[in-house]
Structures are given as C-alpha cells and as structure tokens.
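Peer 1: Below is the structure I would like to discuss, written out as structure tokens.
The values are calculated or read from the model by the stated rules, or taken from the named source; none is laboratory data. All values derive from a computational prediction rather than experimental measurement. Note that each Cβ is placed from the backbone with ideal geometry, even for glycine, and that neighbours are counted across all protein chains shown.
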Amino acid sequence: MIQFSIFVSSFFTDHTWFLGEWKGFLENSSFSLDDLMAQLVETVGSKGVVKRTEFVRIITRALHSLGYEEIGTLLENQSGIPLQSQEISSFKNQVLAGNWDQSVETLHAISLLDESTLTSQASFLIWEQQFLEFLRDDHILDSLNTLRKKIAPLDINSNRVQELASCTISPPEDLNIESRPEILEKLHNFLPPSLMIHPARLESIIEEAISLRRLSCLYHNISDRNVSLYSDHKCGMSRLPCQAKQILHMHVDEVWFLQFSHNGKYLASSSKDESAIIWKVTDGGEVLFGHILGHEKPVLSVSWSPDDDQLLTCGEREVIKRWEANSGRLLHVYERADFGFISCAWCPAGFILAGTTDQSIILLDLEGAELDSWKDYALRMSEMAITNDGTRILSIYEDRSIAVIDREKKEILRLLPQEGVITSFSLSNDNKVLLVNLRNRGIHFLESSRRL
C-alpha cells in the first residue's frame, strides 16, 4: 500500500503537465467529459459503434421470436428499453385480430412513414387481405365494397385490382389466402426497421458475419453448418490437401481430365497421350492401376455411368467409346461421318449426351441412335454436365460464361459469367456447387442456394 501511494503521488507530481493538457483539451473543445461518459453508456463493444438501445431491442426481438416471451418482457422492463412503441403494438394486434379499419387508421397515425408510397402499399396489402377473407366466407357484397371503396381509391397495382375484381365474378376454387401472421411479415417491408424490427434480424446479422468470416478464411474447407458461434472461424492449412500421398506415373503426356466414380471405387484419367486409364481405389485410399483404354487421338474427357459399371471416353474431334469398368472391355464405339465429338456425359436415365464439333448437343441411346438434339447455341462443347434430375444441361458459353440450358424447352435459362476464360468445370452431386477452372486465374468455387 505504501509503495502504491508513493507511485500515485509520483505520477501526479511528474505528470501534472499531462493532466493540464487533458483538462485544457476538454475545456477548449465542444466535447465534454460528460459527453464522453454518455457516449460510452450509449454504446456497447470495444469500438463504440454498436448502439446500446438498438442492441437491446434486437436481442429482445430475438427472444420473443424464439418463444421466450417472459424473458423478452423482463429484458424490456429491466433495461427500460421497449421493443416497440404502443402504436406498433396496437397495429400488430389489430392485423392479427383482423381489425382492418383500425389497423389502417393506426398505420396512418404512425410517424416516419411516406404517405405517398409506403402507407398506400401497406394499406393495399391490408385491404386485399380483408377482401380475400370476405370472399372466402362468401360475403360477396362486403368484398365488393372493400374493392370499390377502399382498394380502388388507392390508385395503385391496377393489374392486381383487375384480378381481384374477376374473383368476385368467378371465384377460384383455391384463393390461396395467406395467414394473418404471413401478412404481418410482409408489412415489415413497408415500415421502417427502427419502428418494427424484423423477427429474424439477429439471425440475419450473425449469418452475414459468418459469411464474411468465411470469405476471409484463407484455407476454408468446411460446411457453414459446422461453423461455431463460440469463436472466430478460421480453418488451418491442415484442412486442405497439402501433401502428396501418391503420384501416378502411367501416362506419358499431359493429363487433361480426372473423375472419380460415384461410389469412390474407381478413378478415371484422360491424357494427351491418346489414352484413358481406369484406376482402382482400395479401401485404404491407395490408387492402383487397372486398365488402359486406347484412342486414336488425345482423350478430352471421361464420364461414369450412374451405376459406375461403365465409363465413357471422348477423343478430341474423334469418337466416344463406352467401356466396362471392371474388365476394361470395349462395349461400343459412337461415331459420325459429318462431325466429331469433343465431350460426353451420362444422363441419369442411362442415355448419353455428346458435344459435337458443330456446337451442338445430341442425345444418344446405348446403341448410338440419335434421340434428340440441341443446336444454334454459341457454346463451346469441350465441357458439359447434366444435373442429377436430368432437367438441366450445363456448358461453356462464349468462353467466359457457363450456360444453364433447359433440356425440355431447349432454351438457355441463365448465364453464369466468370472473370476469365473457362477451361473446365465440375458440378457437385447436389447440383449446388460448381468448381470452375479459369485460364491463369486458378480454380473458383461457385455456390448457389438453389439447384442450378
């Protein structure tokens, strides 16, 4: 204690100039010490950028959304920070109770709304729900009154108004009416988030943070489902295949294509040396030589049958050959006199897709008969894939995009543009992930929330 007192005394004696300078700074600036303390109280976190009121309200909203109503209310009471105003509470209760007139009146009474746009659109949504519920309950006159006196005067969404009017003349068997909680969910889009916080706001913030951490993770190689909230995510280098376990030497020129069978028991490789090889994978992961498959020209690609019993190999502007995987026996040769083949793929139903030198795709049966064709696309057919349901065909489009083609309609549904010239790509089994190899730009990982 004596040493501490001497230290403090010494500090204030030796640093009087510092205290004086700090006091002078506060006196000469518009920012007082009280202001500084107030700001510290109003924010949370080390950087002072998270507003305490917003932080507490979002937590409260999350608690209510998760069903912890009493805890959420307790947090409101102890913090003195209400989740929402009395007007918003009344508005939500009125919508859920179907008190449409009162809910629109409350909507107009809420401040911070743009009367000309948001309020009109929100009112339209509310009156539309009232109209549909009247129609569902066979209150035709009431629905007509709502349409004429409440919906039409808003003078918006004219096409939808006409649809509603036709419903009164010939009501559809299924009106497809949304529930009142679903309507309330839609109304979030018309109200400022400061007034009515979205129920999933906290989850949205956390998911976005996880996505950003993933983007900054240099060696990322795990599913987002395995990311924990307990610590900042970071994959170690060990998550990636960084060490060579085995080197296969049978090819005598550039290896152009590799593909494992669906069951993982085989590996097929194709090469500029005019051959393809079927390798056998042991239970321990060791790869052993199986069979060598010959062509007259370099082999561009290979494709495993859905049951992994057979393999297709495609020579460069040459023929497609079908082989028995277990024995390496040649089963069939597909060729045309007027063009050559440059890619191949198995359809889930057991048919064969082939890309040709005239920028066409043809569908063949196992005996080589042409069943269908897709022409007139600006496609580079050296790379091709088909989704596992057989409804979409993927191919390189004008070098820098991947085209997703509807197999039945024979039209391009969408293009997936890339940053450079595409040399090859591979589609995952769930059809949600593409690995795209770009010339001089490495391998790019494309992930979609929906099936391609």
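Each row is one residue, and each column tells you yes or no for (1) among the charged types (D, E, K, R); (2) loosely packed, with under 13 Cβ neighbours inside 10 Å; (3) out of contact with any Phe, Trp or Tyr (no Cβ under 6 Å at 6 or more places or on another chain).
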position: LEU218; (1), (2), (3): no, yes, yes
position: ASP224; (1), (2), (3): yes, no, yes
position: HIS233; (1), (2), (3): no, no, yes
position: SER261; (1), (2), (3): no, no, no
position: ALA276; (1), (2), (3): no, no, yes
position: HIS295; (1), (2), (3): no, no, yes
position: LEU300; (1), (2), (3): no, no, yes
position: LEU311; (1), (2), (3): no, no, no
position: TRP323; (1), (2), (3): no, no, yes
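Peer 1: Still on this structure: Show the residue pairs that are 6+ apart or on different chains and have beta-carbon atoms under 9 Å apart, the first residue being within segment 230-251 and touching a residue at least 60 places away in the same chain (Cβ under 8 Å) and at positive phi, the second being surrounded by 10 or more Cβ atoms within 10 Å (Cβ to Cβ) and not in a loop (DSSP other than H, G, I, E, B).
Peer 2: Within 9 Å, no pair qualifies.
Peer 1: Okay, next question. Hey, does segment 329-342 have a residue that's under 34 Å from the mean Cα position of the chain (by Cα), among the hydrophobic types (A, V, I, L, M, F, W, C) and surrounded by 14 or more Cβ atoms within 10 Å (Cβ to Cβ)?
Peer 2: Just the residues of segment 329-342 that are under 34 Å from the mean Cα position of the chain (by Cα), to begin with: 342.
Narrowing the set further to residues that are among the hydrophobic types (A, V, I, L, M, F, W, C) leaves 342.
Next, only the ones that are surrounded by 14 or more Cβ atoms within 10 Å (Cβ to Cβ) stay: 342.
Yes, segment 329-342 contains a residue that is under 34 Å from the mean Cα position of the chain (by Cα), among the hydrophobic types (A, V, I, L, M, F, W, C) and surrounded by 14 or more Cβ atoms within 10 Å (Cβ to Cβ).
Peer 1: If you don't mind, there's one more thing I want to ask. Please report, ordered by residue number, the helices (runs of 4 or more DSSP H) entirely within segment 1-83 with at least 1 residues that are at pLDDT 90 or above, in contact with a Leu (Cβ under 8 Å, 6 or more places away or on another chain) and of a type in the set (Asp, Glu).
Peer 2: 69-79
Residue-by-condition table, conditions (1) of a type in the set (D, E, K, R); (2) closer than 30 Å to LEU96 by Cβ:
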| position | (1), (2) |
| --- | --- |
| ASN189 | no, yes |
| SER211 | no, no |
| ASP224 | yes, no |
| ILE247 | no, no |
| GLN259 | no, no |
| ALA268 | no, no |
| SER275 | no, no |
| THR282 | no, no |
| GLY285 | no, no |
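Peer 1: Is there a residue being closer than 16 Å to LEU353 by Cα and touching a residue at least 40 places away in the same chain (Cβ under 8 Å) anywhere in segment 278-293?
Peer 2: Looking for residues that are closer than 16 Å to LEU353 by Cα and touching a residue at least 40 places away in the same chain (Cβ under 8 Å), one finds none in segment 278-293, hence no.
Peer 1: Has segment 245-255 got at least one residue that is closer than 30 Å to THR356 by Cβ and outside any loop (DSSP other than H, G, I, E, B)?
Peer 2: So the first thing to find is which residues in segment 245-255 are closer than 30 Å to THR356 by Cβ, and the list is 250-255.
Filter again for outside any loop (DSSP other than H, G, I, E, B), leaving 255.
Looking for residues that are closer than 30 Å to THR356 by Cβ and outside any loop (DSSP other than H, G, I, E, B), one finds at least one in segment 245-255, hence yes.
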